[in-house]
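First comes the structure, then the notes that go with it.
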Amino acid sequence: MTFQHWRVGWLAVVLIALTPSAWAHLGSKDVFETVDAGPYKLFVTIRPPNVIPGVATIEVRVSGAAVTGLQITPIPLTGEASKHPPSADQMKVSAQDPNFYRGGVWMMQSGSWQVRFGVDGVAGHQTASVPVPAIALSTLKMERGMGWGLAALGVFLVVSMAGTVAAAVREARLAPGVAADAGRRQRGWAAMAAALLVMGLMVWGGAKWWNVEAATYAGNVYQPMKTVASLNGDVLDLTVQGIMRDPKVSRVPSQSNRDFLADHGHLIHLYAIREPEMDAVFHLHPELVGAGDFRMSLPAMPAGEYTLYGDIVHANGFPETLVAKVNVPADKPAQALGPDDAEALPTPLSKGELGASYRLPDGYTMIWDKPATITATTPYLFHFRLVGTGGQPAGDMRPYMGMAGHAAFVKTDGTVFAHTHPEGSAAMAALDMANGPMAGMSTPTGPEVEFPYGFPTSGAYRIFIQMKHGKTIETGAFDAQVR
Ligand SMILES: [Cu+2]
């Protein structure tokens, strides 16, 4: 009985320790992606597990050429194992909707993965891949009240078990109503002492075992690389510390600060957002000047405290969002904005919610065809349009850093930051590795852009959307209340 209870107790502790948080893209782990497999179009949602090994759940909405079947296979994004995919699993088509498929794949190890989709239909067999970073995310500290509660329960179990053992030795063979003699009572006390000793050893052993398990698990939990920002005159310096892990001990790959891949033309994409009002946003591209050292001269910025969100991609395709803070003084010298850099100064959060149309400084307007309600974890294709000064659709649309648009979904409490593209939320460099170079690059076909995305949690978000016409990079800002 005691053993069973202890097992339940340990299980509770394990479950608490494994409660999730999230990472690359900050706080937004699910992958939302639109990919083409030949003439088949897939809108893919992958929800990676919070613990590894674990099951990633996958949903696909198909369009384009008619599809008759879908298969999924998890494969590492790089390395020898990426060339030897295991056998594929069939996805299940929805009974209600013939264009909706569901499935799941086991992710056995942390790291940079892809899910390969095999599509059968009128256009024969085609494939496409979506990168998935899979990592054990965090251990949460047990709440103090819960800890005391479990400890009290444990003490109660030990004491009552010792009492039960003592009573059994003392009275089990007595007839009802007969009192135990001195010898039996003495043996009862001895049995209680022995039971306490045995259970004490069990608790001690259990704690020791648990500490070893917990330490191993902590070594296997992903942490973002520590990033420190400093400002010297107008020069911003970002120092990134790598995390090296022993592959024999840790199941999480090392995070090097010297293996960054260029992602749509830059080694880092940095959003600087003034907190807490989110009324100034800059999309910047510092240069790598040394190992883990990014630097740039900042443009004119309103003074204040900024949160910096820097997206980088490791050589194995694993993306990471680096987070740092910097205080910009009022008298900071300033440089002009770089050719790929952009800014916006929307009204402060406290001045009320931004509407679905955003007036840009040059008289253009960006419009969000906003859903009536937005719910957390639901995949959406968010649609934005650019109209000119006379209300006509904007002309002369250009790709902005190789894409029809860039989006940043930022929760106002700072717990979520996701920089995404019309292809989806996977890093472009990883998408290229999965599908071949330039597979994902979208060129604007008109003054509109769509972003597949699902908000991870309910609450207030501010969304920054960027599109380019002529030489002008427009940054629109929108607010969303997510249920
Ligand atoms: Cu981008």
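Pick from region 392-417 the residues that are open to solvent by 50 Å² or more (accessible area, probe 1.4 Å) and either more than 26 Å from LEU308 (Cβ to Cβ) or hydrophobic (A, V, I, L, M, F, W, C) (or both): which of them is nearest to the ligand (Cβ to nearest atom)?
Only one residue fits best here, namely ARG398.
Pull up region 418-435, narrow it to residues that are at pLDDT 90 or above and out of contact with any Asp or Glu (no Cβ under 9 Å at 6 or more places or on another chain), then point me to the one that is farthest from the ligand (Cβ to nearest atom).
ALA418
Consider region 37-58. How many of its residues are touching a Gly at 6+ places or on another chain (Cβ under 8 Å) and open to solvent by 30 Å² or more (accessible area, probe 1.4 Å)?
Summing the residues that are touching a Gly at 6+ places or on another chain (Cβ under 8 Å) and open to solvent by 30 Å² or more (accessible area, probe 1.4 Å) in region 37-58 gives 5.
If you go through region 352-385, how many residues are surrounded by 17 or more Cβ atoms within 10 Å (Cβ to Cβ) and either in contact with a Cys (Cβ under 7 Å, 6 or more places away or on another chain) or at positive phi (or both)?
0
Residues of region 448-459 being open to solvent by 30 Å² or more (accessible area, probe 1.4 Å) and away from the ligand (no atom under 16 Å from the Cβ), which ones?
If the condition is that a residue be open to solvent by 30 Å² or more (accessible area, probe 1.4 Å) and away from the ligand (no atom under 16 Å from the Cβ), then GLU448, PRO456, THR457, SER458 are the ones that fit.
Considering only region 246-345, give the strands (runs of 3 or more DSSP E) lying wholly within it that have at least 2 residues that are open to solvent by less than 30 Å² (accessible area, probe 1.4 Å) and under 23 Å from MET403 (Cα atoms).
Fully inside region 246-345 and qualifying: 269-274, 281-284, 304-314, 319-328, 342-344.
Quick check on my filter: what residues within region 82-107 are of a type in the set (A, V, I, L, M) and open to solvent by less than 30 Å² (accessible area, probe 1.4 Å)? If you could, list the steps in order and put the result at the bottom.
Residues of region 82-107 of a type in the set (A, V, I, L, M): 88, 91, 93, 95, 105, 107.
If the condition is that a residue be of a type in the set (A, V, I, L, M) and open to solvent by less than 30 Å² (accessible area, probe 1.4 Å), then MET91, VAL105, MET107 are the ones that fit.
With respect to ARG274, determine if the residue is within 21 Å of ILE463 (Cβ to Cβ) and basic (Lys, Arg).
For ARG274, the condition - within 21 Å of ILE463 (Cβ to Cβ) and basic (Lys, Arg) - is met.
Is one or more of the residues making up region 224-232 more than 24 Å from MET108 (Cβ to Cβ), within 16 Å of the ligand (Cβ to nearest atom), of a type in the set (A, V, I, L, M, F, W, C) and surrounded by 17 or more Cβ atoms within 10 Å (Cβ to Cβ)?
No, region 224-232 contains no residue that is more than 24 Å from MET108 (Cβ to Cβ), within 16 Å of the ligand (Cβ to nearest atom), of a type in the set (A, V, I, L, M, F, W, C) and surrounded by 17 or more Cβ atoms within 10 Å (Cβ to Cβ).
Which pairs do you get when a residue that is over 12 Å from VAL235 (Cα atoms), found in region 323-337, comes within reach of a residue that is open to solvent by 70 Å² or more (accessible area, probe 1.4 Å) and of a type outside the set (A, V, I, L, M, F, W, C), reach meaning Cβ atoms under 6 angstrom, with the pair 6+ apart or on two chains?
Partner pairs satisfying both residue conditions: ASN327/GLU305.
Report yes if MET467 is within 16 Å of the ligand (Cβ to nearest atom), hydrophobic (A, V, I, L, M, F, W, C) and over 22 Å from the mean Cα position of the chain (by Cα), otherwise no.
In short, yes.
Given the conditions (1) in contact (Cβ under 8 Å) with a residue 40 or more places away in the chain; (2) within 16 Å of the ligand (Cβ to nearest atom); (3) open to solvent by 20 Å² or more (accessible area, probe 1.4 Å), which single one is not true for THR475?
Checking THR475 against (1) in contact (Cβ under 8 Å) with a residue 40 or more places away in the chain; (2) within 16 Å of the ligand (Cβ to nearest atom); (3) open to solvent by 20 Å² or more (accessible area, probe 1.4 Å), the one that fails is (3).
Go through region 65-124 and report how many residues are over 16 Å from TYR40 (Cα atoms) and either aromatic (Phe, Trp, Tyr) or part of a loop (DSSP other than H, G, I, E, B) (or both). Can you show your working first?
Let us first name the residues in region 65-124 that are over 16 Å from TYR40 (Cα atoms), namely 73-90, 92, 94-97, 102-115.
Keeping just the survivors that are either aromatic (Phe, Trp, Tyr) or part of a loop (DSSP other than H, G, I, E, B) (or both) gives 77-79, 84-88, 94-97, 106, 108-110, 113.
Selection size over region 65-124: 17.
The values are calculated or read from the model by the stated rules, or taken from the named source; none is laboratory data. Just so it is clear, the model here is predicted, and its values are computed rather than measured. Because the Cβ atoms are built from the backbone with ideal geometry, glycine has one as well, and the counts that use them run over all protein chains shown. Surface areas here come from the heavy atoms of the whole protein model, side chains and all, with no ligands, DNA or RNA. Shrake-Rupley method; radii C 1.70, N 1.55, O 1.52, S 1.80 Å.
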